[in-house]
Structure formats: C-alpha cells, structure tokens
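The structure appears below as structure tokens.
The values are calculated or read from the model by the stated rules, or taken from the named source; none is laboratory data. Please read all numbers here as calculations on a predicted model, not as lab measurements. With ideal geometry, Cβ positions are generated from the backbone for all residues, glycine too; neighbour counts draw on all protein chains shown.
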Amino acid sequence: MAENLASQIVSPLLTGDRLTLHDTLSKTLSADSKIRYVCVENERGEITASTFEGGYPPGLPALWRENPSGAVRFRTDEGPFTDVAAPIIDGRLGRLHVGLSRGEAVAATRGYLFIWGASFVGAFAVVLWGAHLVAARISRPLRRLEDKVQRYPQQPWTDGEENISGTKEVAALARGFSEMAERQETLERERAVTQARLIHAQRLAALGELAAGLSHEVHNPLDGMLECVRYLEADKNKSERQAKYAPMLRDGLERIATAMQQMLTFAKTGRDTSVEKCAPGDVVASLVPVLESRLAARNVKLSWRNVNGACTCLCNESSLSQALLNLVLNAAEAAQENAAPEVSIEIGHDKTWVRIAVEDNGPDIPGDLRERIFEPFFTTKPGEKGTGLGLSISRQLVRAVGGELELAEGPTRLGGARFVIRIPCQESRTCDE
Amino acid sequence: MKLGPRWWLKRIALLAVTATLGFGAVCGTLEYLESREPLVNLSERENNAAAPGSGPGDGKHLRFAIATMVTPESTFRDYKRLVDRISRDVGREGIFLIPPSYTDARNKLEEGTVDVALVCTGTYVHALPGGRIGLLAQPEFAEGRKYQSLFLVPAQSPYRTLEDLRGKTVAFTDPESNTGCIVPTAKINALGQDPTSFFGEIVFTGSHDRSIAAVETGLVSCAAVDSLVWLSKLEVDPSLANRVRIIWQSEPYGPPPIVVPAGLDEKLRDSLQIAFLALDGDREGREILAAIGIERFVRPKPDDYLTAIEIHKNSEMRAGTP
C-alpha cells in the first residue's frame with residue numbers, strides 16, 4: 001500500500017502540485033482506520049508534506065534517522081504504532097511514511113492468542129477423551145487379555161473377572177482365546193482319561209500275562225487231580241465218606257479248572273481271530289448237552305430256540321462257544337436267586353445281524369453297574385465266587401470276530417438280565433450299528 | 001484404572017492452568033517488548049520544510065526547471081543527473097523543478113522564480129515577444145536526429161494522409177508545445193481547416209510520451225509528437241514501430257533550448273553557459289548527455305528559431321491574440 005501510494009505522489013511531488021498531493025494523502029488516511037498519518041520525507045530527511053495539521057511531530061524525523069530502513073515500531077501517547085516507509089523513485093525523491101496504529105492489531109493478536117489457547121485446551125481435552133476411549137476399548141482389554149494368557153494354565157481361564165470386552169475386534173480376540181482355552185481344557189481332560197485307560201490297559205495286559213503264566217503252571221496238576229477224583233468216584237468199592245466228599249472235591253477242582261481256563265482264555269483273547277462259516281444254531285445245539293449237565297446240578301432249567309429259522313455267519317466257532325458258555329453259566333448263577341431258576345437261549349437274525357440272546361430269571365442288573373459289569377475282574381458275586389473275567393472275556397471274544405456283546409435295555413421276558421451277542425451275517429460283514 | 005470424573009477434572013484443570021499461564025506469559029512478553037520501543041510524542045508540532053523553488057533565489061541554490069516534454073517521473077529520471085551536474089559546476093545546490101505545464105514553466109521564467117530551464121521551442125518563441133527570457137545554449141544531436149513534428153497513427157489503422165484524420169480524435173501535448181500543438185495546428189491551417197472543427201476532438205496529454213501511449217493503446221486516432229521523444233522511445237522499444245506509424249512529418253526546427261530569465265545575474269549566467277558548453281568535455285558529462293539523447297550543448301543560434309517564430313506569429317494572428 002505504501003509503495004503504491006509512493007508511485008501515485010511522484011507527479012504531484014515533482015510538479016509541486018500541492019493540492020493533488022494533499023488530496024492523495026488525505027484519501028489514503030480516510031481509506032483505513034488503522035492509518036493514523038502519512039508523511040513525505042525528502043532526500044534531506046525533512047518532512048515536506050503530511051496529513052498532520054499545523055506542522056509535523058519533530059520526533060518522527062529523529063525516529064527515521066535512527067531506523068533508516070524497513071518498518072519501525074514505536075510507542076505514542078495514542079498507543080503502539082508501526083511506521084512503514086516506501087522509497088519515492090528509488091529513494092531519490094525521499095520516502096513516503098505511513099503510520100499504522102497497532103492497538104487494534106495487538107488486541108486482535110491477544111484475541112487470537114486467547115482463541116488459540118482455548119482451541120488448544122479444547123483439542124487437548126478431545127485428545128484426552130480419545131486416549132481414554134482407546135485405553136478403555138483397546139489398550140486395557142488387551143492388557144487384561146495378555147495377563148490372562150500369561151497366567152493360563154496355572155490359573156483357569158474362567159477364573160477371576162468378567163469377560164473381556166472392548167472394540168469388536170478385541171472382543172472377538174478375547175472370545176477366540178476363551179474358546180481356545182476351552183478346547184485346550186477339553187483336550188487335557190481327554191488326555192487324562194486316555195492316559196488312565198492306557199495305564200489300566202497296561203495293568204490288565206500285565207495281569208493277563210501273569211494270569212496266563214499262573215494258570216499254565218496250575219493247569220496240568222489240576223488235570224491230574226481231577227482224574228484222580230474221577231477214579232475215586234468210579235470206584236465201586238468206595239466208602240461212604242468217599243461217596244460224600246469226592247463229588248465235593250470234584251466240584252471244587254472243576255471250579256478251579258474253570259477259573260484257570262478263563263484266565264488262560266483272557267490272556268489269549270485277541271490272539272486267534274480266524275473266522276469261518278458257522279451256524280449259530282448248530283453251535284448252540286452242540287453246547288446244550290454240556291450246559292444241561294452243568295445246569296442240572298443246580299436245578300436250572302435250560303431252553304433254547306431258533307426264532308426265525310437257520311442262519312449262518314462268519315465267526316470263530318470256538319470263540320463263540322466259549323462266549324456262550326460264559327454267558328449261560330453267568331445266567332445260571334444269577335438265576336439261583338429265583339425259586340425256579342431258568343435260562344433261555346434265543347437265536348434270531350435279520351439281513352445284517354445274527355443275534356444270540358441269553359436270558360435268565362434272576363434279578364436285573366442295576367443301572368449304575370450296567371457298563372461296569374464288562375470290566376475285567378469286576379464281579380457282583382459275593383465272597384470269592386467268580387473271577388470277574390467272564391463277561392470281559394466274552395465281549396473280547398465276540399469283538400474279535402467283528403461282533404458285539406451288549407446288555408439289553410428294558411424289562412425281559414423272564415424278568416432278569418438279557419445278554420445279546422450280535423455277529424454280522426455272512427451276507428453282510430459290516431456292522432452299521 | 002477407571003477414568004472417572006475426578007481424573008478428567010484434574011487433567012482439564014491442569015490444562016486450563018497451563019494455557020492461562022501460557023497466555024499470560026505471551027501477553028507479558030508482548031507488553032515488555034512494547035515497553036522497550038522508542039516513544040514519540042505525536043502531539044508536538046514543527047513547521048513543514050519549505051517547498052522547493054518557492055521564493056526568490058538565495059544565491060546558494062540553483063533553481064533548474066525542465067519542461068514536461070515527457071512525464072514528470074521520466075523527466076526526473078532522465079534529467080536529475082544533468083541538474084545535479086550543472087548545479088555542482090556553478091557551485092550551488094540544485095533544486096529540480098518540473099513545472100506542470102509549458103505555460104507554468106514560461107511564467108516561472110518570466111517571474112524569475114527559476115534560474116535556468118530547458119523548455120520546448122514553443123515556450124521560447126511564445127515568451128520571446130515579452131523579452132523576459134533569453135537563450136543560453138541549445139542542444140546539438142547526433143547525425144540523423146532532427147527536431148520535427150510527427151503525426152502518428154496506429155499501425156493497423158487505415159489512415160494514410162492528414163485528410164484521413166478528419167473527424168477523428170487527436171492528442172496534442174500542450175498549447176505552447178511547438179511540435180506537439182503549434183506546428184500541427186499550422187499544418188491543418190495550411191490545408192484551409194481549423195483544427196477545432198477538422199478534428200472530432202482534441203485531447204491535451206501534457207507530454208509527448210503520453211501522446212505516443214494514447215495512440216499505441218487506441219485511446220486516440222492520432223497524435224502530434226516531438227520526433228526526438230519518438231526516437232528515444234523507439235530506442236527503448238524497437239517493436240513500437242510495429243504498433244505505431246508516422247503519416248506526416250514537418251520540417252526541422254530549432255531544438256528545445258536552455259533559457260534563462262532576462263534579469264539573471266551576469267556571473268551566474270556566464271557560469272551556467274560555461275557549464276553547459278563544457279559538459280561534453282568529460283566522461284561523466286558525455287554520459288549525462290547520452291542519457292537524454294544530446295551530443296553536446298552549443299552557443300545559441302537565434303536564426304534556427306526563425307521558422308518557429310514565424311509559425312507562432314501566424315497562429316497567434318489566426319487566433320486573434322498578439
């Protein structure tokens with residue numbers, strides 16, 4: 001503005017047109033309230049024209065002499081001022097000075113400072129709030145999650161405070177960790193169970209080996225002792241005492257022989273899985289005489305039938321016979337509690353399975369024991385009756401040929417327990433059940 | 001850690017205190033810096049310096065006027081060194097005066113409020129009958145440079161002769177300008193026409209360079225200008241010839257002279273003449289002369305101005321003024 005004005009006053013200044021010069025300076029003064037004076041300083045430093053009335057302030061030329069270039073700030077009785085100088089024709093005609101009041105500028109500066117400060121406070125408060133949000137939604141939940149991960153598995157995942165939440169992503173992360181911890185715990189439980197089963201199986205295997213060894217040592221002398229007892233019984237000249245105690249001796253020895261045989265069978269189970277075509281009806285028919293003689297001594301009635309005609313299956317006849325023998329003997333043992341003990345054998349089949357059911361009219365098996373009765377050495381018989389291996393051996397024998405031994409659910413025809421051997425038919429060797 | 005209201009309040013309070021302290025510090029700094037500034041009492045008064053050239057000569061200053069054949073700013077730039085040099089040569093402090101018009105320059109000379117002036121030929125011949133100014137020296141130009149009046153028109157205009165300018169707007173410089181008014185007026189008169197009725201409008205621009213600019217920009221249809229100014233403009237901007245062309249030029253006249261008041265002190269007069277005539281004797285002087293398109297100053301030859309005097313007399317007679 002000062003430079004523009006300096007170029008405007010060259011002509012009136014050079015031609016001495018004081019009126020035009022004065023008009024130009026006055027118009028500049030009235031154009032802006034911040035402009036408080038305009039002065040023309042000649043090349044000798046004297047004021048030749050100004051908007052001051054009645055002369056000029058002598059302090060101004062002195063100020064200009066001390067500050068020959070650029071803008072100069074100074075104080076006046078009217079407040080702070082800035083004097084801006086523009087050369088006239090490169091300074092050869094002197095300089096034009098414009099005096100600007102800074103009072104408004106200072107007040108405006110302070111106003112801006114205040115607004116700046118208030119904006120800064122506001123912005124900082126927003127930043128604080130934002131930081132709080134970030135902390136509440138992200139940092140702290142992540143830290144809590146990290147603590148939980150660090151303490152796991154010493155401290156269970158579900159222990160302690162409520163679920164970790166925050167942003168969607170943090171919550172998803174926490175859920176992911178939680179599910180992973182659950183799967184970890186489930187796997188841990190399954191591992192423990194598997195380990196226990198493995199230990200149990202190893203114990204059983206060791207026991208089986210021990211039993212096999214023991215029964216092998218006992219088997220031969222036992223056979224001899226039974227033979228001797230048979231001779232004694234067959235003696236026509238036996239004494240009354242012989243006639244009384246020989247059968248008792250024979251029973252005891254036979255029970256020992258049976259137990260030894262079961263232990264041997266338990267040890268051998270699974271080693272011979274050869275299968276052949278056999279008719280379950282024929283197997284039962286061949287066993288019936290043996291069974292009847294054994295059961296007759298206990299007054300147990302034995303009955304058997306083919307429900308829906310003959311059928312064949314692929315199995316190991318010896319294993320099947322052994323399993324049936326065990327089941328029938330167990331059933332007879334259980335039926336003893338009935339006044340008229342009875343055991344029945346029922347053979348049936350469909351397209352897939354051959355079922356041989358052995359039922360008794362003894363007491364039913366309590367619900368909590370239904371699965372345990374198949375465990376080796378588990379027995380409900382009191383005292384020293386039974387080894388607890390019969391059902392376990394029978395199940396292993398049936399499974400070895402691709403079948404299953406189950407305890408039937410619900411009430412039975414005779415009112416007691418009903419064990420079912422299920423073997424695949426010859427036409428279908430796969431078990432879908 | 002739960003961020004409750006107290007946490008927030010503490011931090012916002014801390015922030016507000018910090019901002020307030022900061023604001024106070026800045027304001028305090030501003031106040032301190034302000035207190036260190038110089039103090040000037042704007043209510044005191046002293047009289048303004050005297051305007052240059054006012055009042056009679058005091059023997060210490062040389063009041064040197066240059067007529068505005070070009071604009072005041074151009075006149076100042078072109079002739080300041082000449083004024084300073086001549087003033088120094090005569091042992092005085094120079095006061096450069098640029099009268100706003102040719103008439104004002106003549107009046108100052110006749111009143112004796114300038115000591116020496118470079119004026120238009122028209123001003124000299126106008127003042128000559130009064131006998132109150134005298135020739136001191138006259139410029140000599142390089143070969144090919146003559147002081148003539150030219151009629152200029154825009155280069156693309158259809159104007160070819162003076163007759164084509166009938167009814168058009170013409171730019172003259174000053175009523176007392178020889179090449180910028182008197183000679184072209186005489187020419188129109190010689191065609192049996194009165195310029196005031198021949199031209200559609202006559203505009204006085206005040207200087208020859210303004211007249212050239214008026215033609216160049218199309219503000220006027222034609223302009224009567226000083227050939228010396230035209231040549232100076234061409235030297236600065238040769239492409240001007242593509243935008244402006246000459247359709248008429250006069251015969252040469254006596255060049256704008258250096259004149260002094262008739263009553264000027266003899267000693268000063270002689271000193272001035274010596275200073276002008278010796279100007280081309282050193283390198284500084286030749287540079288000063290070259291900047292204004294002059295070879296040298298020579299003793300005045302009054303016969304060179306006879307033609308101009310005659311034309312002026314005839315125009316005065318036509319105007320009915322003595």
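Against the test of being farther than 28 Å from B:Glu31 by Cβ and within 13 Å of chain B (Cβ to nearest Cβ), the options A:Leu29, A:Leu5, A:Leu13, A:Leu60 yield a single qualifying residue, A:Leu13. Among the residues of the range A:83-100, those that are surrounded by fewer than 19 Cβ atoms within 10 Å (Cβ to Cβ) and assigned to a strand (DSSP E or B) comprise A:Val84, A:Ala86, A:Pro87.
Assess whether B:Glu73 counts as being within 26 Å of B:Ser149 (Cβ to Cβ), over 17 Å from the mean Cα position of the chain (by Cα) and either of a type outside the set (Lys, Arg) or within 11 Å of chain A (Cβ to nearest Cβ) (or both). Judged against the criteria, B:Glu73 is not a match. Restricting to the range B:25-61, count the residues that are at pLDDT below 80 and in a helix (DSSP H, G or I). Of the residues in the range B:25-61, 8 are at pLDDT below 80 and in a helix (DSSP H, G or I).
Applying a threshold of 7 Å to beta carbon distances and a minimum spacing of six or more residues, or different chains, the list of pairs starting in the range B:247-266 at a residue that is farther than 30 Å from B:Pro158 by Cα and ending at one that is among the acidic types (Asp, Glu) reads B:Gly254/B:Asp304; B:Val260/B:Asp115; B:Leu264/B:Asp115.
If you check A:Glu346, A:Glu342 for being under 24 Å from A:Thr380 (Cα atoms) and among the acidic types (Asp, Glu), only one passes: A:Glu342.
Across the range A:404-433, the number of residues qualifying as small (Gly, Ala, Ser), modelled with pLDDT under 90 and buried (at least 18 other Cβ atoms within 10 Å of the Cβ) comes to 0.
Please state which one of A:Arg102, A:Arg95 is at pLDDT 85 or above and within 11 Å of chain B (Cβ to nearest Cβ). So the residue among A:Arg102, A:Arg95 that is at pLDDT 85 or above and within 11 Å of chain B (Cβ to nearest Cβ) is A:Arg102.
I'd like to check something: does the range A:258-271 contain any residue that is at pLDDT 85 or above and surrounded by 12 or more Cβ atoms within 10 Å (Cβ to Cβ)? Checked the range A:258-271: no residue is at pLDDT 85 or above and surrounded by 12 or more Cβ atoms within 10 Å (Cβ to Cβ).
In the set B:Asp226, B:Asp209, only one residue is surrounded by 17 or more Cβ atoms within 10 Å (Cβ to Cβ) and under 16 Å from B:Trp248 (Cβ atoms); that residue is B:Asp226. Looking only at the range A:105-134, residues that are facing chain B (nearest Cβ under 7 Å) and farther than 21 Å from B:Val26 by Cβ come to 2 in all. When the test is whether a residue is away from chain A (no Cβ under 14 Å) and either part of a helix (DSSP H, G or I) or crowded, with 23+ Cβ neighbours inside 10 Å (or both), B:Arg106 passes it.
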